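K.L.:
Questions regarding the structure given below will be posed in turn.
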Amino acid sequence: MYLVKPPHWRKGAFPRLPLPLPLPRRRAATPMRMLCAGGGMGGENGGVVKVPELKREKSMGWLNSEKADLLEEAMKKSLVHDLVDHNRESANQVVPWFLENMPEDYFNQLSKEVWYGHLRALNALFEMKESPDLLLKSPCDNFVTFIKSHNYTGLVDEMITELPKRKSPTHARLFTSVDCVLAINVFGYGEQKLAREEDIEERYLASMLTFLQNSGGPPEEHAHLFTEDAMRKYMSMCPSSYLNLCSPQRFIKQRIQYERVQGNELVDVKVSRNYLWHSRKDEDEKYTLLSIATHNHSPRVTLENFASYMASANLDIEFLYMDRILDTHESGHVDVLSILLKDPPNMHDKEWEEIRSDLERIKWVDTAALEAFNYSRTQATGLTLQQAEILSALCHMLHGQLNSGTMDITLDKMLTSVYGHYLAIAIDICSLFERRFHPTQGLTKQEEDLEYERISGRVSMVVEETMRTTLDKMLTVVKDARKTNLYVPQRKGLGISVNPANLSTPKHVAGLPYGVLFMHGRRSNLFHVRFREHSRGGMRVATPNSPQEYTLRSLNHYEEAYGLAATQHAKNKDIAEGGSKAVLLVRTHDYDDIKAMQTHQRVKQGANKNEEEQKILEEAKTARDGLIFRSVRMAADSLLDLIIPDPELEKYIKRTPEAPEQEFVYLGPDEQITPTHINWITDQAKLRHLPYATAFMSSKPLSGINHKEYGVTSEGVCIFLDVALRNMGKDPTERPFTLKITGGTSGDVAGNAIKILNRDYGENAKIVGIVDHKGCCEDPSGLDLTELMRLVNNELSLEHFDESKLSSDGKFWSRDNPEGVVMCDSMHNRLQTDAFLPAGGLPNTIRTDNWEAFLTEDGSPSAPLIVEAANIFIEQQARVKLTEKGVLIVKDSSANKCGVICSAMEIIAHLLMSEGDFMDFRSTYVDDVLEHLRTLASKEATIMFDEYKKGDGSWETSLPGIAERISRVMNYSSDHIANQIQDCLDQPHILQLASSALLPSLREKAGDSLSLLPPGYIINMVAKHLSSQLVYHEGLDYVERSTNSTLKHHQSTPSLAAYVHTHTHRERERDRD
């Protein structure tokens, strides 16, 4: 055993008292000494301590050499004898105290090897008159043990923060001595050994069956869990250490809890008051036992959350046991915990019920809310956990809104200022939100108004303008909110339907949205913005790579979602649904900070840098992916809370009159949404009985039309590129053309664009530059298409590009160094090409303040053509400036519209037939859909360039201006047609028109089921089909004149509808022929 003092150890920090004397309880942080131990104790070299060899001087001239050696040997024996006697004296004091005061469970739960190691360490420190404050680590890092000189409130919370950051413990045992002088807490890493089959049969199963027989059996409703076969299967998933020491009562309770949480991510907490703990001598003390089961959550975060909550609530943890049980349903796990708490004075059942509810909720609560809760509990009047969550949600929602003007306040400062200086007002605002939406005890309208006026008066008295504005905005949002899932049991996040008028509408876009939904969860927030009752749009995940980038994305979160939804609405002109977009912002950048710190420390200790970096990269990616998936689940499930028309769910949701009775929201995949996410969202919608569950999420890998697999978005992008090049006099099938692309080979749009370019043009398509999140490849001779296709087909990023395939002038720039980052971020500006395809990248990459970088030194554009395959890559004003410089820009609302059209085609099929029927029909239908996408893209591209040729140089006759006109006139005319046909046409006629809107193969397969669709959906489908037919067949000018006249004079549209119906009827007859 050897002792290492860490850098923060301070000599004399503790009084040097003999161990049996009780030490004062205190909350101050304690210095740690570290013992590296094997098997609970011992050194890195099998428990042997290397002692420096004694060097004796040969200066004893009065003795000959033989006598000197004999004397030295005698001195050694004498010293050993003295030390043994001294150790025996210490042990005579320490051992009896240890055996008498450590609780019985300590000896039952830990092996003799482990607790004997603790005893040796304590004895050594007693001899040194040192206070026993140690951190023991096993050489293989599978155990970390804290030994503390006393237990106090918050001790466990402090220790968990000192655990290694790299990985999470999988099991724990925390103990306090009977006299409260010592706390020994053991955290285990790595998988626990599962019970062996022979042990299950001979020991555990037989013992449990005997107990159940003697005790009258389990609760009747859970009897199926305790049959012989059921218990055998369950025990096979339990660690042997858990079964060895688990009492029958604990086993039964936690088996029932396991059943409740497995596969559904719930947390189940059971509270047992007046728990009789035999280890305490003071019989007047009262204890409460918490039994907890939590599914698929980081044990470290679980322990952090629970321990920090207990500390804030002034609850002393007497012992804590945590074990992991496998969950075969999802290859996941369930952590089961037993926590014994000392009852504070005057704690009532209502308060324990609040604690139980908070602990079941805390898994999904953001750290900012927990910090607000923990701080407020130190004040005379504190926030409840639910109020802290509301406050955190409001701050995250409004951060960007409040910084859009002259205010300059960080998110952390905003939140801490509110609860640090204006806690009473914050509680009032959160309380108003709670009372407004309480499902059974809500306020009347008059009571709401009076309470609002009272709080508004308090806010007006705040002197500091920044905080007065912040609090007033929060109060307004609370007053006008339309509904929330606040009281939904076991919700994953806090969802709020916000009045769109309360949020600042960005300039130059589509006006006030139809609806805005906001979701707030642990480390993540989502804005969902939509422009019609029935809306469709993708859900994307944003994971900024640095604190600075996260702050920027947070400030622009609503604006980004709004801009994407507005663009989506413009491109949804061909389909029944209006436009929407969901942007999920996840805080992952600190995972990279931890990774860098771990690499530095472990390399410093002598580890191989490359191996350690790769290992930590994999661990960080696993943790990061897990966080993203957890955030996706939070956002999607909270969204379902707000849109599912379930009478059982509506018991907990109080709507205001402004909230629609039923909401129709359809999602699709966007950036960082994986097939796993898509499947989970669809399955969850089915599990929760959403009426249109299979249609809720498009691009399903197994039962949908996967965008990446079929390249649906890129098919349309390449059609617009083709038409544009031909109109520039460059036939891409006849002569080479050069391209630069943002968005990598592993991405959907860029990767599939490379496939299609290779398929349609071969070597004529010269990609001279491409950039992704890992690096940038450039080659003026054209990048090797075969190598690019290898990366695309294997979904590899550009860092895997074989540099031997580059010409002598080619170069790969890595983002791992500052120069590489600059070159990657400037590629789209630097390289001169015939066309630029932005197929990935941050929103508004080309902005008003940097658009000139796209120009060459002589002021000409670095590419005369831009086809916006990515949404809002170019800010609107920058788009205007580039257009003035002669750049032909095919706007995103046109260029990448085929993705959402495909989603709509997939969803309408799912609405009309079962999932099984669709699978049988899919291959035929996909061919129809791809042909339909190419046709629509070609029609719009042709109209755009025909109108452009007739232009007068104004914005309205520029390509982006024409794209806006097409979207505007089709959406306006479809809205007007929808209003008219409801009044003028009967149901059979409407269904006949709707049938014409279906693709021929789907019409033949399921056209008779149209009446099953929601009436509003059918009306929108007919209206959009009629308006698109008008524009594509009659031209933009004709429809603009008709629409303007109709809207101006409120003319009826039956004649217009009849014309289009005649046209579509002829089309249908042609299909049949």
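K.L.:
What order, most packed first, do the peptides 357-363, 923-929, 774-780 have when packing is the mean number of other Cβ atoms within 10 Å of each residue?
P.N.:
Ranking, from highest mean packing down: 774-780, 357-363, 923-929.
K.L.:
Counting other Cβ atoms within 10 Å, which GluC sites (Glu not before Pro) in segment 103-177 have at most 10 and lie in a DSSP loop?
P.N.:
In loop regions of segment 103-177 (DSSP not H, G, I, E or B), there are no sparsely surrounded GluC sites (Glu not before Pro).
K.L.:
Something else: Which entries in K445/K654; K233/K686; K740/K891; K740/K949; K165/K621; K571/K949 show an alpha-carbon gap greater than 24 Å?
P.N.:
Beyond 24 Å: K233/K686; K740/K949.
K.L.:
Hey, another quick one. With a cap of 12 neighbouring Cβ atoms within 10 Å, and only residues DSSP puts in a loop, list the GluC sites (Glu not before Pro) found in segment 848-930.
P.N.:
Loop-located and lightly packed - E857.
K.L.:
A follow-up question, please. Which whole-angstrom value gives the distance between the alpha carbon centres of segment 662-716 and segment 843-863?
P.N.:
If we compute the Cα centre of each part, the gap is 36 Å.
K.L.:
R0 = 30 Å: FRET efficiency of E113 with T227, Cβ-based, nearest 0.05?
P.N.:
In this case the efficiency is close to 0.20.
K.L.:
Return the FRET efficiency for the residue pair R468, S504: r is the Cβ-Cβ distance, R0 is 22 Å, and the value is rounded to the nearest 0.05.
P.N.:
Result of the calculation: an efficiency of 0.80.
K.L.:
Need one number: nm distance between label points at T942 and R273, each 7 Å from Cα along Cα→Cβ, rounded to one decimal.
P.N.:
Here the modelled spin labels are 7.9 nm apart.
K.L.:
Quick check on packing: order 207-216, 178-187, 731-740 by the mean number of other C-beta atoms within 10 Å, highest mean leading.
P.N.:
The packing order, highest mean first, is 178-187, 731-740, 207-216.
K.L.:
Are there trypsin sites (Lys or Arg not before Pro) in segment 530-580 that DSSP puts in a loop and that have at most 15 other Cβ atoms within 10 Å, and which ones?
P.N.:
Taking segment 530-580 and a limit of 15 other Cβ atoms within 10 Å, no loop trypsin sites (Lys or Arg not before Pro) are found.
K.L.:
In nm, give the distance between the simple-model label positions of E191 and E285, each being 7 Å from the Cα along the Cα-to-Cβ direction.
P.N.:
3.8 nm
K.L.:
To continue, here is another question. Suppose R0 equals 25 Å. What FRET efficiency, 1/(1 + (r/R0)^6) with r the Cβ-Cβ distance, do Q672 and C140 give to the nearest 0.05?
P.N.:
Computed FRET efficiency for Q672 and C140: 0.10.
K.L.:
Still on this structure, I have one more. Kirkwood hydrodynamic radius (Cα pairs, Å) of segment 716-896?
P.N.:
16.1 Å
K.L.:
Ok, one more. Could you work out how far the C-alpha centroid of segment 990-1036 sits from that of segment 511-531, in angstrom?
P.N.:
Distance between centres, Cα-based: 30 Å.
K.L.:
Fewest to most neighbouring Cβ within 10 Å: what's the order for F126, F175, F518, F107?
P.N.:
F107, F126, F175, F518
K.L.:
Sort K755, K700, K492, K949 so that the residue with the fewest other Cβ atoms within 10 Å of its own Cβ comes first and the one with the most comes last.
P.N.:
By the 10 Å Cβ count, ascending, the order reads K949, K755, K700, K492.
K.L.:
Using a 10 Å cut-off around each Cβ, can you sort V462, V477 from fewest to most neighbouring Cβ atoms?
P.N.:
V462, V477
We did not get these values from a lab; they are worked out from the coordinates using the rules stated. As the structure is a prediction and not an experimental result, all values here were calculated from the model. Cβ atoms come from the backbone with ideal geometry, glycine included; neighbour counts cover every protein chain shown.
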